[in-house]
Every structure is written in C-alpha cells, then in structure tokens.
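Have a look at the structure below, then the notes.
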C-alpha cells in the first residue's frame, strides 16, 4: 500500500496550490506519514498528534518527531506557518470552531489552511444512510455539509478559496463500503477487519467477497457524484480573511 498512500499524500500537497514549499504544520498527524512526505517534497514540515501511540509510531516508522499535543495544547506561535492541514481531524472534535480559530492564528500572511472532512450532503451519505462508511459514530463527533463547513470557516475568520469533491484517497472506497454495509451485519466490516477490530464471520465475509467485483462500478458512481459536487469527502482550502 505504500506507493498508493504516498500518491495520496502528494496529491494532498498539490491541494495547497501553486506555492513554493515553506513551513507546514499537520494538526492531527497520526503516524506522521504526511509530515514525512511533505519533508521529502521540500517542506519544513512539523506535526501535532495527541496520542502517544501515534507519536511513537511516527518516530519508529518515519523518523519524524511529532509534538504530542492537541490543537488547544499546541505550542505553535502565531503567524509561524505557510500552510496548516487538518486532514480528517475536524469531525473528531467537539468544538471544531474553536479549533479553526486557533489554527487560523498560526498562518503567516498569505498562508493557507487545508481542511478535509466527510460530506454529510454527499451521494454516498444518502445511499448509505445509517450505514454510511464515514458516519463512524461515536468517533466522528461532528458532521458537515459543504455549506455548513464554509459558514464555520467564515465564523472562525477564514475565507474558503477552493472546494474539491473528487478525491481518490477516501471517496471510492467510501462509496463501495457504504453500499456493501447494507448487506452485512457489521457496518464497514472490511475496514474494521483490516484494523483488527472486528471478528471474521461468514455473514460479513461472504457478502463482502461477493461485492468485490462491484468496486469499479462504485468508483464510477462516486466519480459522477464528485463531478456533481456531491463527493463523499471534501477538501476546502481557506486563508485568513483580510481585514477591511
């Protein structure tokens, strides 16, 4: 999976727009993979991760030293970064507006914030219903529509610049898994089984195997949804709102 994951990370860097590499902070950096990719691309990249497990994994797997801190606890200075990324972090927070306000203060003049979140108004959310892959309760605390996310960014003093609905990193699998979950006792069983948090049972395995040939059709359906601006997840690039 490493080449595919690397391609996803490089695409995420391209979403930052045509800008020379500068100082970047990945808030909610997980195991540090994106920080490592950004460094390889020339960025002076750093990361925050609240879990000790993630910080240890980043050091062991990528030789990346992350700051073990939440957004509220971070030691980042105002105006210190040319880019800040919140990639599938905001939906895990109880107070997303506070997080956006704080991360916005870390941007240097002309800096940008990249936010990736599931899209509650997506086609796959409608098709999946309570078994939508990205619903993921209770880990996901807040769900967003694009209009809601834009409004939240505005309240936090940030101006949305571009919104992307066609994203290969999560969307094709999310559509396929949402549809398959309608036929399995365990929602999102394959994802959970790969994480070793769900048992292997025939009632889940057999429908999942039977649905594997449908993956290309699910990807095509998701592509159509993305082109119609109903992608399963979205990425929004924003900047600090200019003072009048």
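Laboratory data are not the source of any read-out in this text; all were calculated from the coordinates shown. Bear in mind that the values here come from a model prediction, so they are computed numbers and not experimental data. As a convention, Cβ positions derive from the backbone with ideal geometry for all residues, glycine included, and neighbour counts pool all protein chains shown.
Of note:
- Translational diffusion coefficient (Stokes-Einstein; Kirkwood radius from C-alpha pairs) of region 51-198 at 4 °C, 1.567 mPa s, in µm²/s: 76 µm²/s
- Considering only 223, 25, 161, the mean-square fluctuation computed in a Gaussian network model of the chain, springs between alpha carbons under 10 angstrom, is largest for 161.
- Most mobile of 221, 158, 13 in a GNM of the chain (Cα contacts under 10 Å): 221
- Helix 215-227 and the long axis of the chain differ in direction by around 40°, with both axes built from C-alpha atoms.
- Ascending count of other beta-carbon atoms within 10 Å, so fewest first, for 191, 81: 191, 81
- Label zone at residue 227 (point 7 Å along Cα-to-Cβ), backbone N below 18 Å, region 106-129: 123-124
- Among beta bridges from DSSP that stay inside the chain, the antiparallel ones total about 45%.
- With neighbour counts taken as other beta-carbon atoms within 10 Å, the residues 159, 49, 60 rank, fewest first, as 60, 159, 49.
- Using alpha-carbon coordinates, inclination of helix 171-180 to the longest axis of the chain, degrees: 30 degrees
- One compactness figure for region 15-122 is 1.02, namely its Cα radius of gyration divided by 2.2 N^0.38 Å.
- Note on region 81-163: Cα-only Rg and Dmax are 13.3, 42 Å.
- For the chain, calculated [θ]222 nm from helices alone, where every DSSP H run of n ≥ 4 adds -39500 (n - 2.57): -11500 deg cm²/dmol
- Likely footprinting exposure, 92, 143, fewest C-beta neighbours within 10 Å first: 92, 143
- Using alpha-carbon coordinates, inclination of helix 96-105 to the longest axis of the chain, degrees: 40 degrees
- Cα centroid separation, region 1-47 to region 140-193: 20 Å.
- Global geometry of region 30-85, whether rounded, prolate or oblate, following the gyration tensor of its Cα atoms and the 1.5 cut on a/c: oblate
- Once Rg and the Kirkwood radius are both taken over the C-alpha atoms of region 164-232, their ratio Rg/Rh works out to 1.02.
- For the residues 32, 116, 148, a GNM of the chain with alpha-carbon springs under 10 Å puts the largest fluctuation on 148.
- Prolate/oblate/rounded call for region 54-111, Cα gyration tensor, a/c under 1.5 rounded: oblate
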